[in-house]
């Protein structure tokens, strides 16, 4: 890997940035000024390129004849483009020109003799002559740069008559010989089949030994005309309370179902190819168009109907069991096609099971009346006597939480464990579970919204217990076997000999002291008739990510008010539930039970003098994950500076060469890229940022090698982007890079922000993707969901020892959170790449010390 050695890194003397960097408001104003300038020049370009008249003066850009724009790719720091002003008339012509201020410091103008001149000088072109302007570009920063030339012409004979012409030059500065805007498809990816249970549930009643005992009704959408419109009005008029609890959530879930099906309908296709996978003839794949960030939510486990175009009255029914990028994998419920390729119409239908489970939970909540948990009031706690007080090396808040959970002081209300990122919420739950097992012979149900979060807490429980046979991880039938961690395979419902997942019978399930599953799969326990008094504790980890009705699936169906203590752990400042219907989200479906209780109920609010009542809630404040410099911005923005950095960190990255400021493990790298979309896709990608991310990754790997680390260990490097298409492009770029493909990078995780919640890595590289559109296009300055506070908070708090963010400061600085972060890096001397000051430095313009540039090797 040809990367720079220690003595090859450029070093630039630093100045005191605190004296020369503007404050946050001034910095944001620079960004808004840039936007206004771009709108002005984009308007001029659109206007003048449409109205340019046929004069005797012609302007040729580069090797193109009289076109109004010209593009060039620079593989080195410099590039030169010629503008030739030709006078084909009989009289001399005078002209002046002005240019955009976007990149004034990067472009200079010289005549054919090499003399540099300004933009407002008066130049003469005699009849039959050509005046050449050589436009010189010079920048070491990867990105996309534009300069606009607005020419004003007049003749000596008619000095009052002027005409204008406009030209645009854009330069793509790349570190490679060419810019691969469309990376080739990885040939290996088409060969990978998600490994699932060999038999589909519809064919295999013997796979499900847990018989149906409790009825799960259909809860169909109301058919009366205008019923949903009436429901929306009712939602507006009557806020949530104990009397309308079930009805209100039924309405919200109906609205969500309506929008889910509407979203599914957009994926219906006619006359498309559905092909059998080479390595598994029972699995068929289909390419979908236009997947968005929530496509996995919409398409997950939905039903698929395939009608072949060349066979009358033939219909195949299947289910989506996995989604990868723009391709879905289909398992058939009954008959499997006897051909490897089908051309057919494809229709998607919502799998209503999850919604039905939530409907039933809302109905059970109203019927069984756990309103003292949903709308609790203060009462004296009935303390459970402990044979021995727990002793362990935890901080005071964690000890307090574990003690109160053991004593069930909140019952019948839920006990809340609120913890900002890295404060040890999951570990505290695990410690509480371990202490309960030691002190009491009871049954515990542990749930989380996702399979990955359930796996995470189950692994931690297994590592903390001596008697691991007490722990059992219950997976749904369609779960991917390949995604089951090795450590859990002996403690779950996987039949390793047959390669199948089976649901145990009721007796077997009830024999497990600690059962770990997802909130949705817990509904199967309710249907199977597990009695409410069976579980003395129900823990819900990552409760802030679940809708209230999802959290209620195990609580309403399996919690006995007199004996069971519910514990909810999470952070309402991080990612919340994913809800498709904006109306349902607005009226409360997008608010978790954890967040609603903390927001609306006095039991969970802090007292002015005494803080939180530890009988009902504990807020963890000591952060054991991140370096103080990484924690600083999210701590100030979202937690009022309450978080206390307590991490014991490796010094491996303290002397990293790419750090602009030694010992300061935060970097913002400014990149002026282009956010693009592939045809038929709503997600964005940015190739310039991918180039920069790759160079950082190479430098990190070389640094690990120099420190005798042969390959990247698990949990060391994570790469985040808010956009699925950028994730896909980064993955392919790593696979196809000549240097990176030689490395063992299977542990380098690349994913969206949603995928990273609950995880942590020593190093996080983040690509924000969104940036300015080209001047030739419509000028939309939209940040999209990277403006979301919660996504920002999650992304910024995954790193332990090093955080590198790559993005366009011109757009990001218009958002409060991003402006704060970028300004923080500027003041600390932790900024690299281009800055807002590259527009051109004047006497009144603040300057920023440059940082060493990434290698272009």
Condition first: outside any strand (DSSP E or B) and surrounded by fewer than 17 Cβ atoms within 10 Å (Cβ to Cβ). Now tell me which residues in region 251-299 satisfy that. 262, 265, 266, 268, 278, 279, 289, 290, 292, 294, 297
Answer yes if at least one residue in region 222-242 is exposed (fewer than 13 other Cβ atoms within 10 Å of the Cβ), touching a residue at least 24 places away in the same chain (Cβ under 8 Å) and closer than 28 Å to residue 335 by Cα, and no otherwise. no
Scan of region 233-249 for residues that are in contact with a helix residue (DSSP H, G or I) (Cβ under 6 Å, 6 or more places away or on another chain) and under 16 Å from residue 582 (Cα atoms), ordered by number: 235, 249
State whether the residues of region 525-533 include one that is touching a strand residue (DSSP E or B) at 6+ places or on another chain (Cβ under 7 Å) and either closer than 22 Å to residue 214 by Cα or surrounded by 20 or more Cβ atoms within 10 Å (Cβ to Cβ) (or both). no
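Residue-wise test of (1) touching a helix residue (DSSP H, G or I) at 6+ places or on another chain (Cβ under 6 Å); (2) in a strand (DSSP E or B); (3) modelled with pLDDT of 85 or more.
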site: 31; (1), (2), (3): yes, no, yes
site: 34; (1), (2), (3): yes, no, yes
site: 55; (1), (2), (3): no, no, no
site: 72; (1), (2), (3): no, yes, yes
site: 80; (1), (2), (3): no, yes, yes
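Matching residues to (1) in the same structural domain as residue 103 (by TED's automatic domain parsing); (2) crowded, with 23+ Cβ neighbours inside 10 Å; (3) at pLDDT below 90:
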| position | (1), (2), (3) |
| --- | --- |
| 752 | no, no, no |
| 765 | no, yes, no |
| 776 | no, no, yes |
| 791 | no, no, no |
| 810 | no, yes, no |
| 820 | no, no, no |
| 826 | no, yes, no |
| 856 | no, no, yes |
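If I filter region 157-172 down to residues being more than 25 Å from residue 72 (Cβ to Cβ) and touching a strand residue (DSSP E or B) at 6+ places or on another chain (Cβ under 7 Å), which single residue comes out as surrounded by the most Cβ atoms within 10 Å (Cβ to Cβ)?
Restricting attention to region 157-172, the residues satisfying the condition of being more than 25 Å from residue 72 (Cβ to Cβ) are 157-163.
Those still in the list that are touching a strand residue (DSSP E or B) at 6+ places or on another chain (Cβ under 7 Å) too: 161-163.
Details: 161: 9, 162: 12, 163: 17.
Among them, the one singled out is 163.
Applying the selection to region 526-547, what residues are part of a strand (DSSP E or B) and either assigned by TED's automatic domain parsing to the domain that holds residue 758 or more than 32 Å from the chain's Cα centre (by Cα) (or both)?
Taking region 526-547 as the starting set, the residues that turn out to be part of a strand (DSSP E or B) are 537-540.
Result: 537, single match.
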Considering region 459-469 alone, what residues qualify as being surrounded by 18 or more Cβ atoms within 10 Å (Cβ to Cβ) and either in contact (Cβ under 8 Å) with a residue 60 or more places away in the chain or part of a helix (DSSP H, G or I) (or both)? 459, 460, 461, 462
Filter region 727-754 for residues that are closer than 30 Å to residue 570 by Cβ and free of Cβ contacts under 8 Å to residues at least 12 places away in the same chain and give the result. none
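Would you mind stating whether residue 186 is modelled with pLDDT of 90 or more and at negative phi?
Here the answer is no, as residue 186 does not meet what is asked.
Being touching a helix residue (DSSP H, G or I) at 6+ places or on another chain (Cβ under 7 Å) and either over 30 Å from residue 146 (Cα atoms) or modelled with pLDDT under 90 (or both) is true for just one of 714, 665, 722. Which residue is that? Steps first, please.
Values: 714 fails: touching a helix residue (DSSP H, G or I) at 6+ places or on another chain (Cβ under 7 Å); 722 fails: either over 30 Å from residue 146 (Cα atoms) or modelled with pLDDT under 90 (or both).
The match here is 665.
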Cβ contacts < 6 Å: first residue more than 24 Å from residue 527 (Cβ to Cβ), restricted to region 555-574; second residue at pLDDT 95 or above and part of a strand (DSSP E or B), any location; separation 6+ or different chain. Result? 569/417
Would it be correct to say that residue 711 is part of a loop (DSSP other than H, G, I, E, B), touching a residue at least 24 places away in the same chain (Cβ under 8 Å) and out of contact with any strand residue (DSSP E or B) (no Cβ under 7 Å at 6 or more places or on another chain)? yes
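The values are calculated or read from the model by the stated rules, or taken from the named source; none is laboratory data. If you're wondering where the values come from, they're calculated on a predicted model, not measured in any experiment. FYI the Cβ positions are ideal-geometry reconstructions off the backbone, even for glycines, and counts take in every protein chain you see.
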